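Let me begin by presenting the structure, written as structure tokens, before commenting on it.
All of the numbers you see were taken from the coordinates with simple rules; none came from a lab. Worth saying up front: this structure is predicted, and the values here are computed from it rather than measured. Here the Cβ positions follow ideal geometry from the backbone for every residue, glycine too, while neighbour counts run over all protein chains shown.
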Amino acid sequence: QVQLVESGGGLVQAGDSLRLSCTASGRTLSSYAMGWFRQAPGKEREFVAAINWRGGGITYADSARGRFTISRDNAKNAVYLQMTSLKPEDTAVYFCARYPTSLITKYNSPTHWGQGTQVTVSS
């Protein structure tokens, strides 16, 4: 049984950077692909980035590619999202998620979610 906890959100200005962290308890994340999703006010939850179990197979949403970097440290049971050049449209609650498999495909979705951390970007 795994519990995911996000941290690192906050209020920043456009162009600033934030680093989100996701830590797990209960069991190791090392065998599973991990991802970051976000949900803006009035919007559905959307994919941001994902990473396979050993740190490869990284995938980004078009909105994140070139600005955001996902990484993981399995020894620390942690996943990170480094966000740079933040824009007001990045404002959302960001969720850490665990996939049920070691590799990410377009056919699977996360099965475990954190509680979310708020990121607010002002213009």
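In table form, for the structure just shown:
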item	result
Count of the range 44-61 residues which are in a loop (DSSP other than H, G, I, E, B) and of a type outside the set (S, T, N, Q)	9
Residue within the range 94-114 that is surrounded by fewer than 22 Cβ atoms within 10 Å (Cβ to Cβ), touching a residue at least 12 places away in the same chain (Cβ under 8 Å) and under 20 Å from Gly15 (Cα atoms) present	no
Tally of residues being in a loop (DSSP other than H, G, I, E, B) and within 14 Å of the chain's Cα centre (by Cα) across the range 62-76	4
Residues located in the range 16-43, provided they are under 16 Å from Asp90 (Cβ atoms) and not in a strand (DSSP E or B)	Asp16, Ser17, Ala40, Pro41, Gly42, Lys43
Residue in the range 72-89 that is in contact with a Phe, Trp or Tyr (Cβ under 6 Å, 6 or more places away or on another chain), touching a residue at least 12 places away in the same chain (Cβ under 8 Å), of a type outside the set (Val, Ile, Thr) and surrounded by 15 or more Cβ atoms within 10 Å (Cβ to Cβ) present	yes
